[in-house]
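Reading through the structure tokens given below for one structure.
The values are calculated or read from the model by the stated rules, or taken from the named source; none is laboratory data. Just so it is clear, the structure is predicted and the values come from calculations on it, not from any experiment. Cβ: placed from backbone, ideal geometry, glycine included. Neighbour counts: every protein chain shown. Each accessible area value is taken on the protein alone, full model and side chains, heavy atoms only, with ligands, DNA and RNA left out. Shrake-Rupley method; radii C 1.70, N 1.55, O 1.52, S 1.80 Å.
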Amino acid sequence: MALAFDEYGRPFIILKEQEQKSRLRGLDAQKANISAGRAVARILRTSLGPKGMDKMLQSPDGDVIITNDGATILEQMDVDNQIGKLMVELSRSQDYEIGDGTTGVVVMAGALLEQAEKLLERGIHPIRVAEGYEMASRIAVDHLERISHKFDFSDADIEPLVQTCMTTLSSKMVTRCKRTLAEIAVKAVLAVADLERKDVNLDLIKVEGKVGGKLEDTELVYGIVVDKDMSHPQMPKRIEDAKIAILTCPFEPPKPKTKHKVDIDTVEKFQTLRQQEQKYFDDMVQQCKDAGATLVICQWGFDDEANHLLMHRNLPAVRWVGGVELELIAIATGGRIVPRFQELTPEKLGRAGLVREKSFGTTKDRMLYIEQCANSRAVTIFIRGGNKMMIEETKRSIHDALCVARNLIRNNSIVYGGGSAEISCSIAIEAAADRHPGVEQYAIRAFADALDSIPLALSENSGLQPIDTLAEVKSQQIKENNPYYGIDCNDVGTNNMQEQNVFETLIGKQQQIMLATQVVKMILKIDDVITPADY
Amino acid sequence: MAVERLFKDEATEEKGERARMASYVGAMAIADLVKTTLGPKGMDKILQSTGRGHNVTVTNDGATILKSLHIDNPAAKVLVDISKVQDDEVGDGTTSVVVLAGELLREAEKLTMAKIHPMTIIAGFRMAAECAQKALLQKAMDNKQDPEKFKSDLMKIAMTTLSSKILSQDKEYFAQLAVDAVMRLKGSTNLESIQIIKKAGGSLRDSFLDEGFILDKKIGIGQPKRIENAKILVANTAMDTDKVKIYGARVRVDSMARVAQIEGAEKEKMKEKVQKIIAHGINCFVNRQLIYNYPEELFADAGILAIEHADFDGIERLALVTGGDIASTFDNPESVKLGHCKLIEEIMIGEDRLIHFSGVEMGQACTIVLRGASSHMLDEAERSLHDALCVLSQTVNDSRVLLGGGWPEMVMAKEVDELARRTPGKRSHAIEAFSRALQSIPTIIADNAGLDSAELISQLRAEHHKERTNAGIDVISGGVGDMEKLGISESFKVKQAVLLSATEAAEMILRVDEIITCAPRRREDRM
């Protein structure tokens, strides 16, 4: 503990409540941090690749999650260590930015830390290590750019996209029907994609799950599926050519925000008030009718009387529809969200070719399908599955597949997977290292070794001899000067990833390397850890 | 250097072999728990709730047992979950699915002991499940075209389902009941229109199917007890004092006289409302909400039967049955659709008086009145009947039928065994294991019946080696019997769901190599 003394030998207090804080400094701090980071990476290491294992996580409330999605594992893991938290952040930012490769990025960071530890032991200054890593990562990113391929697809030919999504899905629990799911994901993305601007708004894709049925029953609905039913059991279950009024005001008497009192002191007043009230309901329904609506979707609840009136006037209605869903419906049907009955006009109504209610299973679950919308840009992926866990996992997998498809539309460069890109980068960096003067050379070489850890983990998880396999693939790459050799995880028989059709997106891979390097640099630069002691 | 604290306090982490062991053990424990309830001679369980009153439930319904358990093991939770889903989706086979998943894991455990990688096991299981499903598809019979045969199929399925339940004594009777009820639905799976009323007293045999609708309510005093050609208005409206819904309204008076006036106005208002209702030309009024004494009196005066406080389900069902609207405003009587029925009368079941609506417009709905010695008995009977109804309604939609008594398992096991012989590589071990797990279902059925399972299963296997056999376990005579002759059938859909969800669950648990348990959320002490 750092203590300073004044000229009389009395200690200065530098940190507040210094004695209650534990503190690590210098090399010790770095080593502790590194080992924490590695511990996190070690947990995820076995989940990497198509044969990766799952983790079972039990949340504080006792719910069970089974997943092999890196970001989800880390988020649910309840990590307390500061550096552990950094790693969690790392995978989260990869998730936000790219949506896939969340496991890979953490394993990569772990490997970099492991290599850094060795260098530190040799007495190389952490900053030099960090700088060396930075240089190496730049080389890697450039190299990736060089070995990347342009990847052609069009609206008509979605096959290449489907293949890519299948690669992503093959490492998840849903591999059984990866073909179907990949097709769904690609179709969904293409439906909402703006190919001109190369932009995809994933918000327009709604992923909805319902327990029951089989995974094969998962479907893509060109429209919106809302987990709600008609407000009155006797309303029609099927509406064709619906004109939809999308309301955010309740079917209830208005509640003015200004404080007021209505005093009733005579019988007449009592009666007029009553009539007024009835008129309110009548007017509301009338206004909807006048605008020509044949379906009302409302964010709020209905009063019983209003409900009956709606039923009575043959105006089907749906209540308690959430804000996000309401927006989606508005986008899909081309309608406007109307906050007041008075502002309801025919132009503001949304249009949909078919609205129907569908019931499931033996329980009385019903869902509302809004299909053939005027503006079919919003789609819904409706997942069915054996149980809640399965559905959650499928949701996560679909999300990853969607992200991959989106990234390809944004930037259609790809690199080949199966560790081939990492091996190729590793070779390139190794070669570059020798030309580099100065201590950084060691760090650059260490970076190359760290890159090898990804194919190592892949082959380990696939039950292959890791070192043998890696050495073989590496020599093959150099001999034939072909960066497409990777680890044959699925035992297909060839390790040319181009033939196996295993791709990853270029930006995804680049992002992985850059993010991992940044975090490792940050961790290396920490030389002092001050934590408040436990109470 | 080990990191001391990566996780929060109390969070635990189990890795690799240990994690796998923990989930195997948990899952198998759950499977063993419900194992003894499988089959026609399965035993029941007593469940005592921890809640107030320590209610006791006696059941052999897998889903019910598992639902009431407090489980800490995450793998066990997966199994509980699949049985719940099975219950929701097809209604029956809740025990089988858990037992099959448990057996699959038991086999998988042996394989992992023999150093076979879980991924290889999963690959084998998947191939086996696919092959088994194909075998089932080939053997399934479809009698949709022939209504007579189809009905007898339904009858057999109902009897098979019920034979493992408390109703097995009178299974023929109840099977008929269930088939009749489901046939009335005409293909819809909406079981809501079948109402089950439980009344203690009498014996199970006294249960009956009523073609009308029975509402568990009393008729108001002084009102007619019997109405022919009833016109019914079903409503959901406040019949106490109509509150003013406009926000901020309040009554402010300065003298007693005024209070009286307003009260008078209120009364007047009520009267007006009642008049409006009467103006619909009805002779029966059913409201979801309370009816105060004053309006009730008015109704009685008009000779109208008023029923208050019918619960929400009751109201919806009544509206469905009688074909009326649920009304909340009464200003335009011409546009409100009234419900009709031939006869409303008060009937007595046991000691309770109920209102019986017969001759209703919609033929779909019906009521099953269950009678039985005790409430536990009735609860269990209801669950059993619910299972049977679910299975039947599913079968009506998907009319493929299989034989029962372990026949489908043996058929699948045979096909899967053959697949194993054809498959090169380590996967064949897993496929073989799958077949063993399938065979364990008839084994358990035989064991539960106190039969010599080893002997029986080997006989059964020999039988199944011949082409086209109908052999299964005949629990009653204790030997191998012809299932077609014995009339034991099962729904294809149930069997398929059992197979698929059990494999899915086993796969899910097998893939896990690490369990991380978060620290339990601290609850505020509210003592």
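Ordering B:LEU438, B:LEU47 by how much accessible area each has at a 1.4 Å probe, largest first, what is the list?
B:LEU47, B:LEU438
Note down the accessible area of A:GLU277, probe 1.4 Å, to the nearest 10 Å².
Spelled out: A:GLU277, probe radius 1.4 Å, area about 10 Å².
Taking Cα centroids, how far is segment A:150-202 from segment A:291-356 in Å?
Segment A:150-202 and segment A:291-356 have Cα centres separated by 33 Å.
If you filter segment B:415-506 for trypsin sites (Lys or Arg not before Pro), then keep DSSP loop positions with at most 15 other Cβ within 10 Å, what is left?
Sites meeting the loop and neighbour criteria: B:LYS466, B:ARG468.
Given charges of +1 on the Cβ of Lys and Arg and -1 on the Cβ of Asp and Glu, with all other atoms neutral, how large is the dipole of segment B:391-454 about its Cα centre, in debye to the nearest 20? Don't skip to the answer; put the middle values down first.
Numbers: 7 positive and 8 negative charges, 68 e Å.
I would put it at about 320 debye.
Roughly how many Å² of A:ARG396 are accessible to a 1.4 Å probe, to the nearest 10?
Its accessible surface works out to 40 Å², give or take rounding.
Across the Cα atoms of segment A:38-178, what radius of gyration and what greatest pairwise Cα-Cα distance (Dmax) are found, in Å?
Rg and Dmax of segment A:38-178, Cα atoms, are 18.0, 59 Å.
For segment A:226-380, report the % of Cα-Cα distances exceeding 19 Å.
Taking all Cα-Cα pairs of segment A:226-380, the fraction more than 19 Å apart is 55 percent.
Say R0 is 35 Å: what FRET efficiency, to the nearest 0.05, do A:ASP527 and A:LYS395 get from their beta-carbon distance?
Computed FRET efficiency for A:ASP527 and A:LYS395 comes out at 0.25.
Mind listing the phi-derived Karplus ³J(HN,Hα) values for segment A:445-459, rounded to whole Hz, using 6.51, -1.76 and 1.60 with θ = phi - 60°, and x for any glycine or proline?
Once θ is set to phi - 60°, the couplings for segment A:445-459 become 5, 4, 4, 4, 4, 5, 4, 4, 5, 5, x, 4, 4, 4, 6 Hz.
Let me spell out the model: positive unit charges on the Cβ of Lys and Arg, negative unit charges on the Cβ of Asp and Glu, origin at the Cα centre of the protein assembly as shown. What dipole size does that give, in debye rounded to 20?
With only Lys, Arg, Asp and Glu charged at Cβ, the dipole is about 620 debye.
Over both sides of the A-B contact, add up the buried accessible area with a 1.4 Å probe and give it to the nearest 100 Å².
Buried area between the two chains comes out at roughly 7200 Å².
No solvent, one uniform scatterer per C-alpha: report log10 I(q)/I(0) for the protein assembly as shown via the Debye equation at q = 0.05, 0.06 1/Å, two decimals.
Log-scaled intensity ratios, in q order: -0.43, -0.61.
Sequence-distant or interchain residues sharing an amide H contact under 5 Å with B:ILE368, placed H: which?
Here B:GLN195, B:ILE196, B:ILE197, B:ASP210 satisfy the definition.
So, with a 1.4 angstrom probe, what is the percent of accessible area on the protein assembly as shown that is carbon and sulfur?
Of the solvent-accessible surface of the protein assembly as shown, carbon and sulfur hold 49 percent.
How large is ³J(HN,Hα) for each residue in segment B:401-417, as worked out from phi by the Karplus curve 6.51 cos²θ - 1.76 cosθ + 1.60 (θ = phi - 60°), to whole Hz, x for Gly and Pro?
10, 10, 7, x, x, x, 5, x, 5, 5, 4, 5, 4, 5, 4, 5, 4
Can you tally the net charge around B:THR36? Count Lys and Arg as +1, Asp and Glu as -1, for every other residue whose Cβ sits under 15 Å from the Cβ of B:THR36.
-1
Taking the Cα centre of segment B:359-429 as the origin and placing charges on Cβ (Lys, Arg +1; Asp, Glu -1), which of B:GLN394, B:VAL416, B:GLY406 is farthest toward the positive end of the dipole?
B:VAL416
Ignoring ligands and nucleic acids, what accessible area does A:PHE153 show with a 1.4 Å probe (Å², nearest 10)?
About 50 Å², rounded to the nearest 10.
Mind ranking A:TRP300, A:TRP320, B:TRP407 by accessible surface for me, highest first, 1.4 Å probe?
A:TRP320, A:TRP300, B:TRP407
Heavy-atom accessible area per residue, segment A:399-522, 1.4 Å probe: how many Å²?
Each residue of segment A:399-522 exposes 37 Å² on average to a 1.4 Å probe.
What are the radius of gyration and Dmax of chain B, computed over its Cα atoms and given in Å?
Gyration radius and largest Cα-Cα distance of chain B: 29.2, 98 Å.
What residues qualify as long-range amide H neighbours of B:ALA306, i.e. H under 5 Å apart, gap of 5 or more or another chain, H built at 1.01 Å from N?
B:GLY220, B:PHE285
Find the accessible area per residue for segment B:65-122; the probe is 1.4 Å, ligands and nucleic acids are left out, and the unit is Å².
For segment B:65-122, the per-residue accessible area is 32 Å².
Starting from the Cα of B:HIS117, step 7 Å toward the Cβ, then list every residue of segment A:29-58 with an amide N under 16 Å from that point.
Counting only backbone N, you get A:45-54.
Can you compute the charge dipole magnitude of segment A:145-249 about its Cα centre, using +1 on each Lys and Arg Cβ and -1 on each Asp and Glu Cβ, nothing else charged? Give it in debye, rounded to the nearest 20.
On the way: 16 positive and 18 negative charges, 80 e Å.
It comes to approximately 380 debye.
Given R₀ = 60 Å, FRET efficiency for B:LYS271-B:THR12 by Cβ-Cβ distance, to 0.05? Write down the numbers at each step before the final one.
Values: r = 69 Å, r/R0 = 1.15.
Efficiency at R0 = 60 Å is approximately 0.30.
By how many nm would the segment from A:ASP142 to A:GLN278 grow when fully extended, if each residue of separation counts as 0.36 nm and the alpha-carbon distance is taken off?
Once the chain is fully extended between A:ASP142 and A:GLN278, it gains 41.7 nm.
Report the local net charge at B:SER203: Lys and Arg +1, Asp and Glu -1, summed over other residues whose C-beta lies under 13 Å from its C-beta.
+1
Could you work out the relative contact order of chain B? I mean the mean sequence separation of Cα pairs under 8 Å and 6+ apart, divided by the number of residues, in percent. Mind showing how you got there, number by number?
Values: 940 pairs, mean separation 144.0, N = 527.
Reported relative contact order: 27 percent.
Counting only residues 5 or more places away or on other chains, whose amide H sits under 5 Å from the amide H of B:SER207 once H atoms are built in the peptide plane?
Here B:ARG371 satisfy the definition.
Net charge within 11 Å of B:GLY62 by Cβ-Cβ distance, Lys/Arg positive one each and Asp/Glu negative one each, not counting B:GLY62 itself? If you can, show how the numbers build up before the last one.
Values: positive: B:LYS35, B:LYS45, B:LYS67, B:LYS84, B:ARG383; negative: B:ASP61, B:ASP87, B:ASP92, B:ASP387.
Taking every other residue near B:GLY62 into account, the sum is +1.
Among A:GLY335, A:LEU27, A:MET522, flag the residue with its Cα farthest along the positive direction of the charge dipole of chain A, charges on Cβ as +1 for Lys/Arg and -1 for Asp/Glu.
Of A:GLY335, A:LEU27, A:MET522, it is A:GLY335.
Hey, how many Å between the Cα centroid of segment B:493-524 and the Cα centroid of segment B:441-470?
30 Å
Give me the angle, in degrees from 0 to 90, between the Cα long axis of helix B:16-35 and the longest principal axis of the Cα atoms of chain B, rounded to the nearest 10.
Computed tilt is about 60 degrees.
Looking at segment A:145-204, which GluC sites (Glu not before Pro) are in a loop (DSSP not H, G, I, E or B) and have at most 16 other Cβ atoms within 10 Å?
Loop-located and lightly packed - A:GLU196.
On a C-alpha basis, how far is the centre of segment A:400-423 from the centre of segment B:71-91 in Å? Whole number, if you could?
37 Å
Please name whichever of A:ILE454, A:HIS143, A:CYS288 sits farthest to the positive end of the charge dipole of the protein assembly as shown, dipole taken about the Cα centre and charges placed at Cβ: Lys and Arg +1, Asp and Glu -1.
Result: A:CYS288, furthest along the dipole toward the positive end.
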